[in-house]
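Readers should treat all values here as calculations from the given coordinates under stated rules, not as data from a laboratory. Computed from a predicted model, the values in this text were never measured in an experiment. Note: ideal-geometry Cβ built from the backbone for every residue, glycine included; neighbour counts use all protein chains shown.
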Amino acid sequence: MTEDFSGSDRYDALRRYVPLISWAIVFLLLLVIPLKIVGYGYLPGDDALRHAAKAVGNKDWRDILVLGPAYHFDPNWGWHWFLRQFHLAMHWDAEALVVFAVVMLFVVGNGSIVACLRRPEAWLAAIILGSLVYDLSSRFLLGRPFVLSMAVESMILLIWHRRREAPASWNNILWMTPMIALAVFLHGVWYLWALLIGAFFFAQEFRWSIQLGVSWVAGTFLGSALTGHPVESILQAIQLAIRAVGIHPTQITIVEELKPTGGEIFTLILVGGLIVLRQLEGLKLPALTRNPIFWMAAIGWILGCQTARFWEDWGMPALLVLMAVHLEAWFELRFVVDSFKRLALVAALAITCYAVTTTDANSRWTNHLGWRFLTTDNPDLKGWLPEKGGVFYTADMSLFYQTFFKNPNADWKYVLGFESSLMTDENFKVYHGILWNFGDAKGYLPWADNMRPEDRLVIRGARNGPPNIPRLEWNYGVSGIWIGRLPRPVEPGTAAPTVPAAAQ
Amino acid sequence: MTEDIRNEDRFDPLRRYVPLVVWMLAALVIVFTALKIIGYGYLPYDDALIDAAKAISGKSWQDILVLGPIYAIDHHFGWHWLLVQIHAMLHCTTDGLVAFEVVTLFLVCCGLPLVWLKRPEAWLGILVFFFIWSGFLDRVVDGRPLIITMTALFAVLFLWQRSPAGPGWREGTAIFLLLVIAFFLHGVWYLWALPVAAFFLAQQYRWGLWLAAMVAVAFPVSLLMTGHPIELVSQTVRLALHVESVYVMPNTRVHEMRPTVPQFIAVLVLAGLAILRRLAKLDALPFHRSPAFWLAAMSWVLATQTGRFWIDWGLPGLMVLAATDLQLFLEKTMAVDSLKRVGLAACLSVAVYAVATDDFGGRWTHNLRTQYLTPDNPDLQGWLPEKDGIIYTTDMSVFYQTFYKNPTADWRYIVGFEPAYMAPADIDVYSKFIMSNGDPKTLTPWIERMRPEDRFITRAPRQNTPDLPKLEWNYGLSGIWIGRTPRPVAGGTVPPTVPAHSERSTNAVPAAPSAK
């Protein structure tokens, strides 16, 4: 073990505080990072917005979306219930709820992982590498409950790592079951825990694999039971997953996070780097082929070649854990636990981690400040938002997220929501045709044909020309958004209800 | 050699099958990968399409393209001859021929190296790694005869690894035949100077001399097989001299001939190999004695002038270098009949399949959305070129796609697969258009030359009518505008063109495929 004895006798009394200070720095950093990013005015781009709006509006999805036969039950019931309690207790609006979700999930997700490490700085180093290679911080700050599943997965892997040399105790079921139940309750996707069981199985950790399997079954039923609809929620999760992927004949029209990753070359490079580190430093860690953390990363990487979320939600966290346990072993070899050098290392890693995660590169934390929302209090939009009982037609999910976020209590419905597989078959056919034909205006015609006076068709486009659907009248509602409606009868002597786009 | 003998006694009788199983896994995954990719409905975007169409058309390039004086004889005579024979035997369509090109060449290039390796799983590992980052996968599914040249290069380098002292008669015969086939089907015999130089730089003089001699003999043999030896050499030399004057600026070249920034990951690969050699104490020849290393290094540098040097010559060199190092490592860590080999080969097979068939960015399905100009489309009636007409375009993809779907059409194309083959006046117009970032004014000489039977075709969105008002325009298909010289309108009849902004029956949105 390397030690730093040189000339530090007079500071020896302070050494006992090094571990405490290290922990304090790391936990403080985990709090400061999301606060800084939220301080930019950051809002996530997708589900966090609709979760918050759902909690505020407290309407059933059937009253928010035009839904097809695949929908039976809120797939995020637990998370919406959780946010709703905060809304009721704190009277927070949708924006405050989003901020809360972003900060809380980052702190809880990372904090729970760090708590499983002997050297918390190892996680900082892993976050730095992950952020540089994968834009990891954006994923952790999406404010979506999958962060909890990532945290539970990482904790199980880290606890295995701690206890790997002891015989697997059946007591493991006692702590794994509630953790999985919590993840299933708040996040859903209970079936993906089979991946973790597979990872333990491939690593020949058969007892752990069986125990995890028991915990999975028990946790799934427990988490589902908490929703009040144990059977429906379990069945619907499977049905939705099959439909979400199977309904698209090719990957071209599928949502980004379900598209394939193309393989992550830096994953192979990082794993290669870890192997070199093990060899050069002689780290006493289990062989990769006997390590479920490695197998979880490998399974996620392979399946990510079909659907990115396998990698992003399951493989990448495991790779980070793999890096963290290697770095932890290395730090333990190189830095004594109460060494001042260790303190310097923690400080350096904390500064780097802060810089890497909070940098507003490519405006990732501020780009939404340029968003223009469609809101009922905008006088320019008077008469151009859907009327009572109307339908908001669009082929752009971001318009649903943003408009629902700003209008959680509005009395219209959206034809496209957070998952195209929930649409009716007819609407999905139109939506798919639009995407397939590169957004060609003619693809919208079936919707335009069905529109009623209270409905609106909303399409993103530049000011220089309305969408080529002249059977509707168009208004350039807010920057970059055109709103179309059925033409209104113009009374003699009154101005036309629409203003030419070219007019100032 | 490390052996895994513990607790496996009861499986001992199975050990003899390990090499066979590994071979089968490796071969099967390569076959299934090729079939899966073509099963998506994948089509390459360039030469494979026109090679197939050329074979079916039965016409010379002079009847297909408006060519300059430099072009005398089909530069891919051998490849087109082969496709003609296959077409005659199987009566397949252009689609069938392209599928044949893609699958066969993929199998040959990715499968044949298995023959020369003692550990086929090493090749699978290399394929996984290089498929992800290097562009090798995109190249090897191109369906172009250059893949034959790459395969011959793999053969030479792998056979050198097996017999560094010098080739025996079996290796010699195999290489000679591969060289003759490569020269006959693909040409570019002169670039074999690169591997010859690599052998000399690696101080492998015996192999260098031997390869040079093989090239020197195989070249005339392949020329004689074309039936036009003198014309072909003369054309190649004249073209080489001509090209420099044609390509005033690199950005007027086709993409693959433009300069590129050398791939940094290639340096990381070399560093990784150096670390592997050191940590695993591999008994490998030093880099500077390896022709594979020198070929990779030379091509990496030459890619700064022309990207193809790296992708066609350097990558194969680096892959051979990595594969042989990995094979050494596997030989050192796993016995030939170790059951672990099966596990490793299975994992790598899954990885190869997953990485290669991953439809990342729609790379295997993007072409399903391509709309083609075909005479059987009623919306295009009167808007395709007439008999003996010319398609004017500055977009090579218009040529590739339209010729592919209309191999026997009786019109010609102003721009084909290589701008250097165009007539001098046309090169001038084309170059000015590219250099001016697509200024329509540069096309005036073509517009003024256009006859009623000719058409001008350009890509632009529906709302952007091309800024060439001397022509009348139709938004033929999504993203494609067709221009022709204005037709006289008889009194009382409907104008032949319809405003682009109106809803009309032309350019109907094609139905998207539905999930099976």
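Note on the range B:370-484: antiparallel DSSP beta bridges, both residues inside, total approximately 70 percent of the bridges counted.
Any lysines with Cα under 20 Å of the B:K332 Cα? List them, leaving off those in the same chain fewer than 8 positions away. Answer for B:K332, where 20 Å is the Cα cut-off: B:K118, B:K281, B:K340, listed by chain and number. Report, in whole Å, the centroid distance computed from the Cα atoms of the range B:264-286 and the range A:102-125. Measuring centre to centre over Cα atoms gives 36 Å. Remark: A:S131, A:S169 ranked as A:S169, A:S131, counting other beta-carbon atoms within 10 Å and listing the fewest first. Taking the number of Cβ atoms within 10 Å of each Cβ as an exposure proxy, the fewest-first ranking of B:V196, B:V350, B:V233 is B:V233, B:V350, B:V196. Listed by chain and number, the lysines placed with their C-alpha closer than 19 angstrom to that of A:K259 are B:K36, B:K516; residues fewer than eight positions away on the same chain are left out. Scaling the Cα radius of gyration of the protein assembly as shown by the globular reference 2.2 N^0.38 Å produces a ratio of 1.06. Coupling constants for the range B:62-71 follow from the phi torsions by the Karplus curve (6.51 cos²θ - 1.76 cosθ + 1.60, θ = phi - 60°), and in residue order they are 5, 8, 10, 10, 8, 9, x, x, 5, 8 Hz; glycine and proline get x. Taking GluC sites (Glu not before Pro) across the range A:154-238, the ones in a DSSP loop with at most 11 further Cβ atoms lying within 10 angstrom of their Cβ are A:E165. Among all the lysines, which ones have a C-alpha under 21 Å from B:K387's C-alpha, if same-chain residues fewer than 8 places away are not counted? Within the straight-line limit of under 21 Å, B:K387 reaches these lysines: B:K54, B:K59, B:K405. Overall form of the range A:1-140: prolate. Here a/c, set by the Cα gyration tensor axes a ≥ b ≥ c, is 1.5 or more, and a/b is the larger of a/b and b/c. What separates the Cα centres of the range A:230-282 and the range B:419-457 is a distance of 47 Å. Measuring between their Cα centroids, the range B:287-338 and the range B:76-98 lie 33 Å from each other. Its relative contact order, with pairs defined as Cα atoms under 8 Å and 6+ residues apart, puts chain A at 20 percent. For chain B, the Cα gyration tensor yields ellipsoid semi-axes of 48, 27, 20 Å (square root of five times each eigenvalue, largest first, whole Å). Per the Cα gyration tensor, the range B:12-123 maps to an equivalent ellipsoid with semi-axes of 38, 15, 12 Å, ordered largest to smallest.
Within the shell of other residues whose beta carbon sits under 15 angstrom from the beta carbon of B:L194, the net charge comes to 0, with Lys and Arg scored +1 and Asp and Glu -1.
In order along the range A:286-300, the Karplus-derived 3J(HN,Hα) couplings, from 6.51 cos²θ - 1.76 cosθ + 1.60 at θ = phi - 60°, round to x, 4, 4, 5, 9, 10, x, 5, 4, 5, 5, 5, 5, 5, x Hz, and Gly and Pro are given as x. With only Cα atoms counted, the range A:19-362 has Rg and Dmax values of 20.1, 63 Å.
What's the exposure ranking of A:S479, B:S338, going from fewest to most Cβ atoms within 10 Å?
Details: A:S479 10, B:S338 20.
Ordered from fewest to most neighbouring Cβ atoms within 10 Å, A:S479, B:S338 come out as A:S479, B:S338.
Restricting the trypsin sites (Lys or Arg not before Pro) of the range A:1-86 to loop positions (DSSP other than H, G, I, E, B) with no more than 12 neighbouring Cβ atoms within 10 Å leaves nothing.
When DSSP assigns beta bridges and you keep just the ones with both residues in chain A, what percent turn out antiparallel, to the nearest 5? Walk me through the intermediate numbers first.
Details: 9 of 14 bridges.
Of all bridge pairs located within chain A, approximately 65 percent are antiparallel.
Percent of C-alpha pairs per 5 Å bin in the range B:370-484, short distances first: 2, 12, 23, 28, 21, 11, 3, 0.
Each eigenvalue of the Cα gyration tensor of the range B:87-178, multiplied by 5 and square-rooted, gives one semi-axis; in descending order these are 26, 19, 10 Å. The loop-placed trypsin sites (Lys or Arg not before Pro) in the range A:281-349, going by DSSP, that have at most 11 neighbouring Cβ atoms within 10 Å of their Cβ come out as A:K284.
At q = 0.15, 0.18, 0.23 Å⁻¹, what is the base-10 log of I(q)/I(0) for the range A:371-485 according to the Debye formula with one equal point scatterer per Cα and no solvent? Please give it to two decimals. The computed values of log10 I(q)/I(0) come out as -0.59, -0.89, -1.56.
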